[in-house]
1. Using a simple spin-label model with points 7 Å from Cα along the Cα→Cβ vector, what separation in nm is obtained for Val173 and Ile232?
2. Count charges around Pro161 for me, please; just the other residues with Cβ under 15 Å from its Cβ, Lys/Arg as +1, Asp/Glu as -1.
3. Determine the alpha carbon to alpha carbon distance for each of Lys74/Lys118; Lys29/Lys96; Lys29/Lys74; Lys29/Lys118 and list only those over 26 Å.
4. Normalised radius of gyration for the stretch 76-189, please: alpha carbon Rg relative to 2.2 N^0.38 Å, two decimal places.
5. Show me the ranking of peptides 140-150, 188-198, 56-66 by mean Cβ neighbours inside 10 Å, starting with the highest.
6. Can you pull the semi-axes for the stretch 56-115, root of five times each eigenvalue of the Cα gyration tensor, sorted largest first, whole Å?
7. Subtracting the Cα-Cα distance from 0.36 nm times the residue separation, let me have the gained length for Glu54 to Val251 in nm, one decimal.
8. Mind checking the full-extension length gain between Glu241 and Asn140? Use 0.36 nm per residue of separation minus the Cα-Cα distance, one decimal, nm.
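All of the numbers you see were taken from the coordinates with simple rules; none came from a lab. From a predicted model like this one, the values you see are computed outputs, not experimental measurements. Virtual Cβ from ideal backbone geometry, glycine too; neighbours counted across all protein chains shown.
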Amino acid sequence: MIAGTQWNVLVMGNPRIGKSSFLNALLRKNGGKAIFEAGLSFGSGLTTELQKVECNNITYVDTPGLADPMFAEKAAREIEKALRLGGIFKLIFFVKQLNGMVACEDVTTINAILGAIKERVWFGVVVNQIPPVVFSELNNNSVSKFAMECQIVEGLSHSSPHKISGIHFEPLVEVTSGSWMPSESLFNFFARQAECKINPEMVGSVAVPGDVDAAEIQTTINQVMTTFSNEIRLLKQENAEILQQLQSGHVLMEEMRKQYLEERHIRSNVDSDQSNNGGFLSFGDLLRNMFYQIAGPILGNCCVM
């Protein structure tokens with residue numbers, strides 16, 4: 001770290017998504033004490049104003065959520081205070097998913113906060129509290145994971161100069177006692193995230209949810225997901241056709257293998273002076289024939305001979 005420079009960890013997102021719990025876990029991991037109020041809350045989020053604590057020359061900042069209608073205006077002003085602390089920042093947004101899609105209100109919050117910063121910044125996104133069934137699907141199906149990543153990226157304002165430094169998917173963990181402990185992969189994700197400098201004079205006003213066109217964002221997200229679904233359907237259809245061609249090729253290969261073995265058996269009964277390759281396909285010739293008969297139709301769809 002550069003001496004005299006303010007270093008900040010700023011975690012943002014809507015209420016009840018795990019921001020305070022994550023900051024407490026970071027503090028404990030770095031030798032500090034958990035001081036941010038976290039846990040179950042009813043009606044509204046526990047964090048209603050800017051909270052910060054310094055540990056090992058780093059200021060950890062907890063912010064209230066914009067989606068809480070009771071405190072939206074106050075939350076926006078508190079987030080502005082956090083962004084105007086000055087110095088070097090590591091920005092992390094926490095969001096949640098609903099039935100395989102990131103909540104629209106969370107994308108709206110990201111756009112509202114980033115819209116207040118008038119210079120390019122880097123930020124990471126954590127999709128938190130993912131139920132086991134959905135988390136398993138994301139882990140085992142790269143298409144599903146890519147679809148959710150696309151939804152996040154495409155949901156952000158296209159006029160924004162800001163850049164995503166990474167997206168992390170964190171599973172839901174049932175806590176029976178004590179506080180939630182993030183996975184080691186989340187700590188590693190946080191450590192890898194890019195840092196950025198924010199000048200206080202380059203921070204404007206954070207728009208409250210009512211000032212942001214959430215319907216427009218949701219329409220964009222729906223359009224992206226529809227296009228993506230159509231592309232997946234076409235890919236599946238193409239894959240089915242290729243699979244059918246390969247299966248047909250397998251049958252042909254088996255027939256040619258039998259032909260080769262029969263010819264080889266016949267040749268074994270011919271006099272040794274006639275046992276050269278004349279009039280009968282070598283194994284190399286047979287493989288070449290099989291390749292052109294099997295791969296020809298597939299390659300023909302990709303190029304012109």
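1. Label-label distance for Val173 and Ile232, simple model: 2.9 nm.
2. On the way: positive: Lys118, Arg120, Lys163, Lys197; negative: Glu119.
Net charge around Pro161: +3.
3. Working: Lys74/Lys118 21 Å; Lys29/Lys96 24 Å; Lys29/Lys74 31 Å; Lys29/Lys118 33 Å.
From Lys74/Lys118; Lys29/Lys96; Lys29/Lys74; Lys29/Lys118, over 26 Å: Lys29/Lys74; Lys29/Lys118.
4. Values: Rg = 15.1 Å, N = 114, 2.2 N^0.38 = 13.3 Å.
Output field value: 1.14.
5. Details: 140-150: 14.1, 188-198: 15.8, 56-66: 21.5.
Those peptides, ordered most packed to least, come out 56-66, 188-198, 140-150.
6. Working: eigenvalues 103, 45, 20 Å².
The answer is 23, 15, 10 Å, longest axis first.
7. Details: separation 197, 0.36 × 197 = 70.92 nm, distance 6.97 nm.
Length gained between Glu54 and Val251: 63.9 nm.
8. Details: separation 101, 0.36 × 101 = 36.36 nm, distance 2.40 nm.
Extra length from Glu241 to Asn140 when fully extended: 34.0 nm.
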